[in-house]
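Some notes on the structure that comes next.
Every read-out reported here was derived from the displayed coordinates using simple, explicitly stated rules and does not represent laboratory data. Since we're looking at a predicted model, the values are computed, not measured. Cβ atoms come from the backbone with ideal geometry, glycine included; neighbour counts cover every protein chain shown.
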Amino acid sequence: MIRYLLVRVAQSLAVIWLAYTLTFIALQLLPSDPITVMLAQDTAVSADVIAQMKSYYGYDQPAIVQYGSQLLNLIGGNFGYSIITGQTVAERIGNVAGNTLALSALALLFAVLFAIVIVTIANLSRSGALARWVTNLPPLFSAIPTFWLGLVVLQVFSVQLRLIPMFPDGSVASLVVPSLVLAVPISAPIAQVYLKSVETAMALPFVAVVRAKGASRSWTFGRHVLKSAAGPALTVLGLTTGSLLAGSVVIETVFSRPGIGRVLLDAVNTQDISTVQGLVLLAAALFVGINLLIDLIYPLLDPRIVAESVRGRRGRLA
Amino acid sequence: MKYRKAGALIAGSLAIGLLAACSSGPAGSQVSAAPAGDPVSGGTLVFGDVQPVTNAQTQGAGNYSVANLLGSVLDRLTYLDPDTQTLVPWIASSFEQNDTATEFTFTIRDGVTFSDGTALDAAAVAANLDLLGLGSAEKKIIANPNFVGYDRAEVVDDSTVKVYFGTPNSNFLFATAGATAGLVSPGTLALDLDGQSDISQIVGSGPFVFDSQVPEQEITLVKRDDYAWPNEDSENQGAAYLDSVVIKVLAEVSLRAGAVTSGQVDVSRGIQPTDEQTLADAGFQVIATRTTDLTANFAAFRLTNPATEDVRVRQALQIGFDRDELVDTVLSDSYTPAASILPHGARGFTDLSDELAYDPDRAAALLDEAGWTLNADGLREKDGVPLEVALAASNQSVVFKPAFDFIAQQWRELGVVLENRAGDTTFMNAALVDDTTAFVGTRLFVYGGLGPIFSSDANVWTRASIESLNDQFAAENASVDAAEQDELRAAQQQQIVLDDAIALVLWDETQVQGASPSVNIEFSGGDAPLFQSAWVAE
């Protein structure tokens, strides 16, 4: 188990380093540079001044030197300065990270709830029509563009009915509503996979045994099937971390919420290299962290995993 | 069965969307005017801006959102009257220049203090001018491009500053009125760029003082009770009427009108042309600024691009679309077709609208002459290369994209293909240093004249300079005679727009605001909201 853990952590660190390096290369390949972008947009600045500023920030150094010094800074815990705001990258991200975390965590919670409700209704409803209708929700959810849904919700409930604020004002509604909107596309793949794996589990012999012992359909479903079929859905849940971050870019713009998504958008637009690098690192760390966590939860859901991992095999069902 | 239900759901969602698109309010009512009567003191005004302020250093104010904020926190030496295009006293109670535009003397108004209590005296002004004029390597702060030729400032006595230039710069006095020439306290000046970028560390002498912020979301300013030195143009010669101003970021363009109609902001900048009527019908104010301190919106022709390096191509495209129809079709009554690179009403503006009239026949003849001939598909080509040009523009203007979709149609009739990448910021960033993009769209402050925009060989707009035009800029800077300056400015415009056609001029810059009927607010010639004289009726 310890060896399994160490290998997984080492893999995770390698993924983070790779993500960082690939981002650095991609940013280097862009024809423009952050200084030109920063200075040229709104003032008329001479080439001399641009050259001077590039040397202040080290952007006139060869790429490999920039890479090395950035990486060294990073290992020392210094993410560098955002050239746009003058804050340290850690400060700029730290200022807003809590907002995105709250939004994403709540959205994830809602997404899981949506998925469980969909799976439950699809399996337990006495009305075949309702069950079929609910089964069709996940494809619809993944087809609805998040920005459109957000705009419609705001136009109807904020502009027309004035029930919710357009800006984050600390109220419960100003957090819950964007989270619900973000949860819609996130819930789709979870629900879809969950539906399929419940369908598979319902056909397994143990369900027939439990039913034969006299258990009701709903008891069997709630007590046994929902849990044992959760594995694949959990894997998908881990993969949605990326969608959550991507979705937060849209949601934070539409709902005027400060957050990591908005900072990312701004940093990409202004080619603020240190900030983009910092955010990629954060995203990569979150992504591998959550997936690592899920790998560790797996054995709790399904004891077969431990048995397999003890034999040195990589333990995943899906 | 299931498809029908899903279909019904989609239809229902779409219906909600359409419903949402048609905002409520009594149809057909008139555009409401600002409230009449005497100004009311007190209250808070909520202003919706389109992006957060990420760099509050004085020179960051080349960006509208920064200028809107700093305009009420910092004062400047002079103020440019948008109607008369003359400078009026502000922190400088008087100002003069010598006959060669190399020496300038400012008399500083008595009794002005920064909000931290330090005096805004001659020494503070000189320190500000030195940082603006020379920049500072160790503070990572660049020199203000409008201060070209700056040598030094000397404190003559407590209320007199004398400024010396190495080369003539008769635009310098106007540059001191520029949004990017705000005066900060000596304490703020001592900070480097990173410190001065942070609005919470900016100490000015303006009518409002920074109070608090939610990073990247909103900034609250509070009134300074002892403010008594507004510029001479201001209708309010004392402290602000408003107790506080909250500037909120409203990035999503389609929500800006709704934010006003639902009372969640008092004023919203960046209203789309399609929302203007909705707002007016619902009894809200639609305020279009009359901009005199910026160029008209233009797309700079890249002089180093293979398609646009030929002046005949540039001249053909300049007269190859109908500006009046563009404004009627895509924009609104708030917009005026450009008649030059400078907007109507700007200092030295010369009206070239006759020469800019839509003339597809002459445009076609010019393209033929340049060797770009029509092929069987009705497209122009030369040596087998099609005449295809790309446009880059940032997402700062809400109307560039639809405007160029319209222009592309009319150019297509000439056989020219346009790739419209307006609003694609990443493309814009790449285009700044890349000649393969034929046009870059923008509009820029002209406090320092047109020279700072086009005179550098490496300027990101045209990517090359023209020697004879640079001579004109130098002559303008060396002249201290207003009539002669106007003549030189007229000649520059003639050259930039027609003879060398290095800027495709579009429409005069304007910012369109939606505002509650209870708000009384005016804007500077640089489009900044004047919060000091603004008030909200009870």
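Worth pointing out:
- Remark: relative contact order (chain A) = 25 percent; criterion is Cα-Cα distance under 8 angstrom and separation of 6 or more residues.
- Whole-Å distance, taken between Cα centres, linking the range B:258-272 and the range A:70-142: 29
- Between residue A:78 and residue A:143, the C-beta separation translates, for a Förster distance of 41 Å, into a calculated FRET efficiency of about 0.40.
- Three-way shape call for the range B:135-187 based on the alpha-carbon gyration tensor, with the a/c threshold at 1.5: rounded
- Charge dipole magnitude, Cβ of K and R +1, D and E -1 - the protein assembly as shown, Cα centre, debye nearest 20: 7520
- Spatial separation of Cα centroids for the range A:209-276 and the range B:56-79, in angstrom: 43
- Within the range A:135-157, backbone nitrogen closer than 15 Å to the virtual label 7 Å beyond the Cα of residue A:199 toward Cβ: A:135-140
- Taking the C-alpha atoms only, the angle from helix A:172-202 to the longest principal axis of chain A is near 50 degrees.
- Over chain B, Cα pairs under 8 Å with separation of 6+ residues give a relative contact order of 21 percent.
- For the protein assembly as shown, radius of gyration divided by Kirkwood radius, i.e. Rg to Rh on alpha-carbons: 1.02
- From its DSSP helices (H runs of at least four residues, each -39,500 (n - 2.57)), chain B gives a residue-normalised ellipticity at 222 nm of -7500 deg cm²/dmol.
- Computed on the Cα atoms alone, the convex hull of the range B:78-151 gives a volume of 133 cubic angstrom per residue.
- DSSP finds beta bridges in the range B:335-467, and of those with both partners inside it, around 30 percent are antiparallel.
- Compared with the alpha-carbon gap, the fully stretched path from residue B:426 to residue B:88 is longer by 117.6 nm at 0.36 nm per residue.
- The range B:244-311: GluC sites (Glu not before Pro) in DSSP coil with no more than 16 other Cβ atoms inside 10 Å: B:309
- Divided by 2.2 N^0.38 Å, where N counts the residues, the Cα radius of gyration of the range A:187-276 comes to 1.70.
- Chain B: antiparallel DSSP beta bridges as a percent of all, rounded to 5: 75
- Stretching residue A:117 away from residue A:246 to a fully extended chain increases their span by 44.0 nm, per 0.36 nm per residue minus the current alpha-carbon distance.
- Range of Cα positions in the range A:96-217 per principal axis (Å), largest first: 55, 31, 23
- Selection among B:237, B:291, B:262 by position relative to the dipole of the range B:210-357 gives B:291 as farthest towards the positive end (Cβ unit charges, Cα centre).
- With neighbour counts taken as other beta-carbon atoms within 10 Å, the residues A:204, B:432 rank, fewest first, as A:204, B:432.
- Computed log₁₀ I(q)/I(0) - Debye formula, equal Cα scatterers, no solvent, the range B:279-428, q 0.08, 0.10, 0.15 Å⁻¹: -0.26, -0.40, -0.86
- For chain B, the membrane-span-like helix rule (DSSP H, alpha carbon extent of at least 20 Å along the helix axis, mean Kyte-Doolittle at least 0.5) picks out B:2-21; this says nothing about an actual membrane.
- Tensor-based shape of the range B:99-204 (alpha-carbon gyration tensor, a/c under 1.5 rounded, otherwise prolate or oblate): oblate
- Bins of 20 Å, starting at 0 and running to the largest distance - Cα pair percent for chain A: 26, 49, 22, 3, 0
- In degrees, nearest ten, helix A:260-269 long axis to first principal axis of chain A (Cα): 40
- Rounded, prolate or oblate (a/c below 1.5 giving rounded, otherwise prolate when a/b exceeds b/c) for chain B by Cα gyration tensor: oblate
- Neighbour-count order for B:225, A:295, fewest beta carbons within 10 angstrom listed first: B:225, A:295
- Relative contact order for the range B:59-102, counting Cα pairs under 8 Å that sit 6 or more residues apart, in percent: 23
- Counting 0.36 nm for each residue step from residue B:99 to residue B:164 and taking away their Cα separation leaves a gain of 22.1 nm.
- Distance-filtered residues of the range A:122-145 - backbone nitrogen under 13 Å, label point 7 angstrom along residue A:216 Cα→Cβ: A:124-126
- Crossing angle, helix A:89-124 versus chain A [Cα axis fit, 0-90 degrees, rounded to tens]: 20
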